[in-house]
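Following: one structure in C-alpha cells, then a few remarks.
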Amino acid sequence: MLKVGVLTSGGDCQGLNAAIRGLGKALLCTFGSDITIYGIEDGYRGLIEGNYHRMVPHDFSGIINLGGTILGTSRQPFKQMRSMAGGTDKVKNMKDNYNKMGLDCLVVLGGNGTHKTANLLSQKGLSVITLPKTIDNDIWGTDITFGFQSAVDVAANVLDCIHTTATSHGRIFIVEVMGHKVGWLTLHAGLAGSADAILLPEIPYKVDNIVKMINHRSKEGKRFSILAVAEGALSQEEAQMSKKELKAKRAAEPYPSVSYRLAHDLEQATGHEIRVTVPGHIQRGGNPCPYDRVLSTRFGVAAAQLIKQKKYGYMVAMRNNVIVPVPLCEVAGKLKTVPPDCDVIQTARDIGISFGD
Ligand code: F6P
C-alpha cells in the first residue's frame, strides 16, 4: 500500500484545488485501491502538529473551478510555531509525523518560502515532490506558476474598469498590483489592461519621467492616464538604498503603500487629481481561469507520474511548454525576477508604454 500526503502552504492562489484534484485522480487511476492519500491540514503546520485526514475519491470531485484550498494553508510555520509549547524542533516534528503516517511521499504545493522548507525536508531524507503555485510567478526553474494567469485576469479587469471612469473624469489613476518583490503580474496585467505606464521593481522609475509621459498625453488630447504600479516598485533613488535605509525611509512616510506616495509626488508635480486603486487580495481570490485549471491539472498529474517512477526531490515545472522535473535543490532560495530586457517589456515599449526609466 502506497501512502501519499499532500499539503498546500503559503499564500493561497487560484488553481490549488485543481492541482489537488489532478494529483488525486491520477493517483487513484494509477494505483486503484493500493493507495492511501492523506490531506495534511493548514500547510506545514498540519505536518508539525499531526493534523491530517484520509482523502476519499469524492474529495477530488467538483473542485477544479474552486478557488482557495480545500486543505487550508498557513504562512511561516517556523515563526508561528516558535511561540507554541513543545514546538522547538519543527523539522523533527515534521519528520516524526511523516514517519508516523507511514508516508512514501509528501506532495507540497507552494511558493518560494514553501520550496525552501520542502528542500530542507528532502535533504533530511523525506521523499518530497513540489508543485509551483503563486500569483507572483517568481519561482525559479519554471516559466509559469499556477495562479499567475488568473491573477492577471483579475488585475487586467480592474484596469479595464478603471479605464471607463478615468476617461469620463479625465483623471490620472494608479492601480497597485500585487507581486511581492517582482513585477511579472504588473507587467502582464498592465499590458493586457492597456496601462500607459508600468512600474516594476526591476526597472526603477523617476517621477519626472512619469510627469513627462502624462504631459505628453495631455498635449495629444488624452485627458486621462493609467499607471499599473507593482506593490514592490522602487524609485531610482530608493533603488540605490540598502534594505535597512529603504525600510527606515518607508517607515517614516505617512503613506500605506508605494502608490500613495507616488500619487502625492505626481499631484505635486502635475497639479492633476490622482486616484489610487488597490485591488489587493481580490487578485488571488475567486475561481481559477481555464488556463490555470489546465496547468494545475497537468502539474498534479505529472506529480503522480513522478511518484509512480519513485522520482523524489523534484519540483514539477513548465519549460518551453513542456512539463519537466527540476531538482528541488536548484529551486530553493532563488527568485525569478523580470529581466528588464525581456521581449514582453520590449513589446510594451514598442507601443509607447512608459516604464518611468
Ligand atoms: O505571494 C502572494 C502574495 O499575494 C503577494 O503578491 C503579496 O505581496 C503577498 O502574497 C500578500 O501576503 P499576505 O497574504 O500575507 O497578505
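Computed from the coordinates by the stated procedures, all read-outs in this text should not be read as laboratory data. Every value quoted in this text rests on a predicted model; they were computed, and no experiment measured them. With ideal geometry, Cβ positions are generated from the backbone for all residues, glycine too; neighbour counts draw on all protein chains shown.
Which order do His115, His264 fall in if you start with the one that has the fewest other Cβ atoms within 10 Å?
By the 10 Å Cβ count, ascending, the order reads His264, His115.
Taking a ≥ b ≥ c as the square roots of the eigenvalues of the Cα gyration tensor, the range 151-283 is oblate, since a/c reaches 1.5 or more and a/b is not larger than b/c.
Less than 18 Å from a label point 7 Å out along the Cα-to-Cβ axis of Asp341: which backbone N atoms in the range 193-210 qualify, by residue? Correct set: 202-204.
Subtract the Cα-Cα distance of Arg349 and Leu246 from 0.36 nm times their separation in residues, and report this length gain in nm to one decimal. Mind showing how you got there, number by number?
Details: separation 103, 0.36 × 103 = 37.08 nm, distance 2.84 nm.
Using 0.36 nm per residue and subtracting the Cα-Cα distance, I get 34.2 nm.
Listing Arg250, Arg261 from fewest to most neighbouring C-beta atoms within 10 Å gives Arg250, Arg261.
The Cβ shell under 14 Å around Cys29 holds other residues with a net charge of +2, Lys and Arg each +1, Asp and Glu each -1. As a proxy for reagent exposure, ranking Cys342, Cys13 by other Cβ atoms within 10 Å from fewest up yields Cys342, Cys13. Note that the range 29-40 has calculated 3J(HN,Hα) couplings of 5, 7, 9, x, 7, 8, 9, 10, 10, 10, x, 8 Hz, one per residue in order, obtained from phi through the Karplus relation 6.51 cos²θ - 1.76 cosθ + 1.60 (θ = phi - 60°); glycine and proline are x. Enumerate the residues in the range 136-173 having an amide nitrogen under 16 Å from the point lying 7 Å beyond the Cα of Val322 toward its Cβ. 142-144, by backbone N distance to the label point.
Diffusion coefficient (Stokes-Einstein, Kirkwood radius over C-alpha pairs, 4 °C, 1.567 mPa s) for the range 316-357: 100 µm²/s, rounded to a whole number.
Assign one of three labels to the chain, namely rounded, prolate or oblate, based on the Cα gyration tensor with a ≥ b ≥ c the square roots of its eigenvalues; rounded applies when a/c is under 1.5, prolate when it is not and a/b is larger than b/c, and oblate otherwise.
Verdict is prolate for the chain.
The listed peptides 269-281, 124-136, ordered by packing as a protection proxy, come out as 124-136, 269-281 (highest mean of other Cβ atoms within 10 Å first).
Amide hydrogen proximity for Thr277: with H placed 1.01 Å from N in the peptide plane, the residues at 5 or more positions away or on another chain lying under 5 Å are Ile174, Val175, Glu176. Compute the distance from the alpha-carbon center of the range 283-357 to that of the range 219-238, in whole Å. That distance is 27 Å.
Only helices enter this figure: runs of n ≥ 4 DSSP H residues, each worth -39500 (n - 2.57), summed and divided by the residues of the chain, yield -13000 deg cm²/dmol at 222 nm to the nearest 500.
Remark on Cys289: its backbone amide H falls under 5 Å from those of Ser150, a criterion applied only to residues 5 or more positions apart or on other chains, H modelled at 1.01 Å from N.
Report the calculated FRET efficiency for Lys212 and His169 (r = Cβ-Cβ distance, R0 = 30 Å), to the nearest 0.05. About 0.85, to the nearest 0.05. Full extension of the chain between Met1 and Val91 gives 29.8 nm of extra length, using 0.36 nm per residue less the Cα-Cα distance. Under 5 Å between amide hydrogens, built in the peptide plane, is the criterion, and for Met55 it picks out Ile37, Tyr38, Gly39 among residues at least 5 positions away or on other chains. Entry note, the chain: relative contact order of 24 percent, from Cα contacts under 8 Å with a spacing of 6+ residues.
Compactness ratio for the range 123-163: Cα radius of gyration over 2.2 N^0.38 Å (N = residue count) comes to 1.69.
Could you work out the relative contact order of the range 151-283, using alpha carbon pairs under 8 angstrom and six or more residues apart, expressed as a whole percent? Normalised by residue count, the contact order of the range 151-283 is 36 percent. Using 0.36 nm per residue and subtracting the Cα-Cα separation, the extra length available between His58 and Lys219 on full extension is 51.8 nm.
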